[in-house]
Amino acid sequence: MGPPGAGKGTQGAYLQERYELHPLSPGDLLRAEVARGSALGKEAQGYMNSGKLVPDDVILKLVANELDTLGEDRGFLLDGFPRTLAQAKALDGLLLVRNRALRAIVLMQLDDEVILQRLSQRLVCPKCKLSYNVVDNPPQVEGRCDQDQSELIQRQDDQPEVIRKRLEVYHESTAPLAEYYESSGLLDKINADQPIQAIKEQLQKRLDERLKKDG
Ligand code: AMP
């Protein structure tokens, strides 16, 4: 969890590889639906482009479907979900009936001013979803993804007015989730205003300890 631009996608990509996790990001799934021009994509697009949350029932269906495509033993990494208290409670139910449980929760913390700056400098790969920062984390070849050489794009919702709305929604609907998860004993808070490598190392250390404890 964390505000837009905290580095969830970037760090998530490392964690997926290290712990062999299936990525489960409603934002990515929705963008794929929008690109396909499906009915779901059309429904979601207006919310996304204005920085609002897509209704819970749509998101929960997406997440449930995705969970059901995984084998029982396949680990997964939620990114950008849950984002509301209702989603967090629904997730508890989705996991319970599938005999699954969360093993770690990470909250990446970052101030609004830094977010505004970071997101205005963000470019993403439409194919592999890697994101870059033109100042702090530029691609090797300008405008091209290091991994697959696709042309990098700016996300439609990375415009200043939309970023402000997304931050407002984050503070109102998503930030209170930290309190919901505080008592679970699974929550790690990370200062996201550090170089990518430093965050990566801290995250891995904390998660390694957590997973070792779990066995
Ligand atoms: P993200 O890529 O996670 O920043 O998500 C981009 C956009 O997709 C958000 O601004 C929302 O419009 C929508 N979205 C993604 N995840 C959720 C969610 N869990 N609940 C509601 N809307 C979501």
Query raised in the report: Size of the dipole of the chain about the Cα centre, Lys and Arg at +1 and Asp and Glu at -1 on the beta carbon, nothing else charged, in debye to 20?
Result: 240
Query raised in the report: For Cys125, what charge total do you get from the other residues with a beta carbon under 13 Å from its beta carbon, if Lys and Arg give +1 and Asp and Glu give -1?
Result: +2
Query raised in the report: What is the distance, in nm, between label points placed 7 Å from the Cα along the Cα-to-Cβ direction at Lys205 and at Glu179?
Result: 3.1
Report summary line: Between the modelled labels at His171 and Arg74 (7 Å from Cα along Cα→Cβ) the distance in nm is 3.9
Query raised in the report: Lys205: which aspartates and glutamates have alpha carbons under 18 Å from its alpha carbon, excluding same-chain residues fewer than 8 sequence positions away?
Result: Glu17, Glu20, Asp188, Asp193, Asp214
Query raised in the report: Taking R0 as 25 Å, what's the FRET efficiency between Gln140 and Ala198 from their Cβ-Cβ distance, rounded to 0.05?
Result: 0.70
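Dipole of the stretch 9-124, Cα-centred, from +1 at each Lys and Arg C-beta and -1 at each Asp and Glu C-beta, to the nearest 20 debye?
Using Cβ point charges on Lys, Arg, Asp and Glu, the stretch 9-124 gives about 120 debye.
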Report summary line: If unit charges are put on Cβ atoms (+1 for Lys and Arg, -1 for Asp and Glu) and the dipole of the chain is taken about its Cα centre, the option from Gly5, Ala88, Gly71 lying farthest towards the positive end turns out to be Gly71
Query raised in the report: Which FRET efficiency value, to the nearest 0.05, do you get for Ala101 and Glu161 by plugging their Cβ-Cβ distance into 1/(1 + (r/R0)^6) with R0 = 35 Å?
Result: 0.35
Report summary line: One finds, for Glu151 and Ser120 with R0 = 30 angstrom and r their Cβ-Cβ distance, a FRET efficiency to the nearest 0.05 of 0.95
Report task. Evaluate the distance, in nm, between pseudo-label points positioned 7 Å from the Cα of Asp57 and of Ala35 along their respective Cα→Cβ axes. Result -> 2.9
Report summary line: DSSP beta bridges in the stretch 107-215: the antiparallel percent, rounded to 5, is 65
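For n ≥ 4 DSSP H runs only, could you compute -39500 (n - 2.57) per run for the chain, divide by its residues and tell me the 222 nm figure to the nearest 500?
Dividing the helical sum by the residues of the chain leaves -15000 deg cm²/dmol.
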Query raised in the report: Considering only Cα-Cα distances, which of the following residue pairs are longer than 22 Å: Lys52/Lys127; Lys189/Lys213; Lys52/Lys89; Lys8/Lys189; Lys8/Lys127?
Result: Lys52/Lys127
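Every number here is computed from the coordinates shown, using simple stated rules; none is lab data. All figures in this text were calculated on a predicted structure; none of them were measured in a lab. With ideal geometry, Cβ positions are generated from the backbone for all residues, glycine too; neighbour counts draw on all protein chains shown.
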